Amino acid sequence: MYYKFKERLQSQWQLQAMIWPSIILMIVFSFVPMLGLIIAFQDYSPLSGFIGSGFLGLENFKAFLGDQDFYNVLTNTLAISLMKMLIGFPLEIILAILINELRLGLFKRISQTISYLPHFLSWVILGGMMISWLSSTGLVNSLLLSMHVISEPIAFLANANAYWWVATFSDIWKEVGWGTILYLAAMSGIDPSLYEAAKVDGAKILKRIWYVTIPGIRNIIVLMFVLRVGSVLGSNLEQTLVLQNSSNVLRSEVIDSYVYHLALAQGDFSFATAVGIFSSVVSVILLLIANFLTKKLSDSSIF
């Protein structure tokens, strides 16, 4: 067996030469840094290092689970992420179907390009646009006033209760077009004869979508759903840092920004690492639960 492995290794040395640099980079930058997770169980000090810092056990985990601010942060994270998923996830599928049904090639390509463009703009740019548009004298208030929907301007980003909706719809606007790529790729692989057979049977466009298109992309829908559930605790940090202010911080602080402020602003690396580990463990559990449920309900899963 050893000689067979050695012969195969020698015969594939070109492929090995290509793959080993990637493996080394993954080990150095992805696995070795995981040793730093030990600081979640320590009273870590950069001056003392891993060895010199005192061991606290689970005290950091008990501290944040007993912190009232953490439960507010957790509520914000879950609310914003679930709103993004419940509204944005179906919209990605609907937009992909609409683009796929376009028959004019030039218009179809233009529509795809326009829907993709916001994804390539950073949140620094988009955040500045949102702050301008949502100000008391901005575009949104001007439109609502001209349509007599409101009687006086609304300071959207200064209203903590409105932040969840602002974060949700601004993120959807940025990412919904990009999220259609996998669905459009899956639709391109559907056998055209299925559509022709449906037409012969008298199926109109909505029935062709329901009985041909959606079943044809079911596996991709399941894959994306499970991945979205697994990342439900990972709200967009860049979006939060750009749109957050002292007026909406009560509803805008999410786990990622909470960890960022604890680690970099306050220097409490141990506490921040403990919160990060908790978030990662819960995300894995949610991923497994979502995969189990989709496998039971649709006999389709990612693993």
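None of the figures in this text is laboratory data; all of them are computed from the coordinates on show. Note that the coordinates shown come from a computational prediction; the quantities given were computed from them, not determined experimentally. Here Cβ is always computed from backbone atoms with ideal geometry, including for glycine, and neighbour counts include all displayed protein chains.
Taking θ as phi - 60° and the Karplus parameters 6.51, -1.76 and 1.60, the scalar couplings of region 274-285 work out to 4, 5, x, 5, 4, 4, 5, 5, 5, 4, 5, 4 Hz in sequence order, x denoting glycine and proline. Our estimate of slack between V281 and A158, defined as 0.36 nm per intervening residue step minus the Cα-Cα distance, is 40.9 nm.
Each residue, M129 and A265, gets one label point 7 Å from its Cα in the Cβ direction; the gap between the two is 2.7 nm. In the chain, the DSSP-assigned H stretches of four residues or longer account for a calculated mean residue ellipticity at 222 nm of -18500 deg cm²/dmol, using -39500 (n - 2.57) per stretch and the full residue count as denominator.
For K204, the lysines whose Cα comes closer than 25 Å to its Cα, not counting residues fewer than 8 places off in the same chain, are K108. Size descriptors for the chain, from the alpha-carbon set: Rg then Dmax equal 24.5, 82 Å. Length gained on full extension, L58 to I114, computed as 0.36 nm times the residue gap minus the Cα-Cα distance: 15.2 nm.
Among S246, S30, S270, the largest mean-square fluctuation in a Gaussian network model of the chain (Cα springs under 10 Å) belongs to S30.
Under the combined filter of DSSP loop state and at most 11 neighbouring Cβ atoms within 10 Å, region 75-137 retains these trypsin sites (Lys or Arg not before Pro): R103.
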